[in-house]
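Right, one structure below, let's go through it.
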2 protein chains.
Amino acid sequence: MSEAKKVPVGVSARHIHLTEAHVAALFGEGAALTEMKPLSQPGQFAANETVAVYGPKGAFAKVRILGPTRPATQLEVSRTDAFALGLNPPVRESGKIKGTPGIRIVGPAGEVTVEQGVIVAARHLHMHTSDAERFGVADKQLLRVRVGGERGLVFGNVVARVSDQFALDMHIDTDEGNAAGVATGEYGEIVD
Amino acid sequence: MSEAKKVPVGVSARHIHLTEAHVAALFGEGAALTEMKPLSQPGQFAANETVAVYGPKGAFAKVRILGPTRPATQLEVSRTDAFALGLNPPVRESGKIKGTPGIRIVGPAGEVTVEQGVIVAARHLHMHTSDAERFGVADKQLLRVRVGGERGLVFGNVVARVSDQFALDMHIDTDEGNAAGVATGEYGEIVD
């Protein structure tokens, strides 16, 4: 593997982002998310809090909330999870939830049903502005990233997300991690 | 997509192959598998019969049996399924079950616990001898196959399986199908 184009891989299990209003509705007025552990992106964290989500066909009892709160509530699932819930969400970049399926969310203090917000996250590669310069890559550029090993493959359409607030990390979901035989903490490389 | 190197894709859900003795143990003496529908490979079929399988952590109530019977019983699951069962099977070619995890199998007339036989199937490309000649590919050769679309990727280590008993069909599991956004009946192409 070329050291120069090496990128760490993070496999994201299903998770949810909540608005401040939904945190209050689900956990009670004045409640706040509390940090269980930091994520690879600066300021982002996995919360101690979880919620249950109910689709038309199935449910997940404990979905991890990722903080901090966001302008819109968004549930990110794998295609496998989506089948279990009985939903057919599109593959989308985070935040682009217009026209996506809704979901019922239940917390210890209440419940919320959102009309949209369920996505299968498009595979993407967070990078700091300095990484982008080093790689010669622009924000939103579609990249190819190779993962080695017995289930080795080359992911296409990996969206570059460049910001001076980001740390280098490629995010794929559990279906993609399983298909490639790759786990969080392992590495891929950008293919020219 | 180059028409010349186009290959149909088949996404395999979890399934089981049984020995004649295990069919008798699970469905009763004299019982035989009955055909629900033919598969892409000549002579192979999905049976009407299903079994339940129990791992240390979870179970699947209805696992489709593929016929005809085989010299060894083999359960093929995705990595996602394996987590649900609480097993850690290796990625293997069909039939290579030495040292793989066992499983408890329950049918309407009895049950069987096998000491080995659970695998995650290695992605492979069945082809007729005439296809292999046309592609310039040898049996057991490792190929790369590209799948297009928004989750497009290039699968590496696709094992060519050449026989005059085989029909052209690339077999991947549900994790791989979900990761690539590809369904049975769609197409990939062999990459040079």
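The values are calculated or read from the model by the stated rules, or taken from the named source; none is laboratory data. Since the model is a prediction, treat every value here as computed from it, not as a measurement. For the accessible areas, the whole protein counts, side chains as well, though only heavy atoms, and no ligand, DNA or RNA atoms are used. Shrake-Rupley method; radii C 1.70, N 1.55, O 1.52, S 1.80 Å.
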Scattering profile of chain B from the Debye formula, Cα beads only, expressed as log10 I(q)/I(0) at q = 0.12, 0.15 Å⁻¹, is -0.60, -0.91
With a 1.4 angstrom probe the carbon and sulfur portion of accessible area for region B:94-167, in percent, totals 50
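In region B:18-61, what percent of the accessible surface is made up of carbon and sulfur (1.4 Å probe, ligands and nucleic acids excluded)? If you can, show how the numbers build up before the last one.
Working: 1280 of 2340 Å².
Answer for region B:18-61: carbon and sulfur cover 55 percent of the accessible area.
Leaving ligands, DNA and RNA out of it, rank A:D164, B:D192, A:D81, A:D139 by accessible area with a 1.4 Å probe, largest first. Don't jump to the answer; show the numbers that get you there.
Working: A:D164 100, B:D192 140, A:D81 15, A:D139 80 Å².
The residues order as B:D192, A:D164, A:D139, A:D81, largest area first.
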In whole Hz, the Karplus estimates of ³J(HN,Hα) for region B:128-136 (6.51, -1.76, 1.60; θ = phi - 60°; x where Gly or Pro) are 6, 3, 5, 5, 4, 5, 4, 7, x
Cα-only Rg/Rh for region A:13-120 with Kirkwood Rh rounds to 0.94
Surpassing 22 Å at the alpha-carbon level, of the pairs A:K62/B:K57; B:K62/B:K98; A:K5/A:K140; A:K37/A:K96, are B:K62/B:K98; A:K37/A:K96
Residues whose built amide H sits under 5 Å from the amide H of B:R161, excluding neighbours closer than 5 in sequence, are B:L125, B:H126, B:M127, B:K140
For A:K96 the rounded accessible area (nearest 10 Å², probe 1.4 Å, non-protein molecules ignored) is 110
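Given a 1.4 angstrom probe, what's the average accessible area per residue across the protein assembly as shown, in square angstrom?
Working: 17150 Å² over 384 residues.
Solvent-accessible surface per residue comes out at 45 Å².
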Note to self: C-alpha centroids of region B:143-192 and region A:19-59 sit apart, in Å, by 38
With the full set of protein chains present, the residues of region B:153-189 whose 1.4 Å probe accessible area falls by 40 Å² or more relative to the chain alone are B:L153, B:V154, B:N157, B:D175, B:N178, B:A179
Counting only DSSP beta bridges fully inside chain A, the antiparallel percentage to nearest 5 is 70
Using the Cα gyration tensor of the protein assembly as shown, the equivalent ellipsoid's semi-axes, largest first and to the nearest Å, work out to 38, 28, 17
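Roughly how much accessible area, to the nearest 100 Å², goes out of reach of solvent when B and A pair up, both sides summed, probe 1.4 Å?
Values: alone 9430 and 9440 Å², together 17150 Å².
Adding both sides of the contact gives about 1700 Å².
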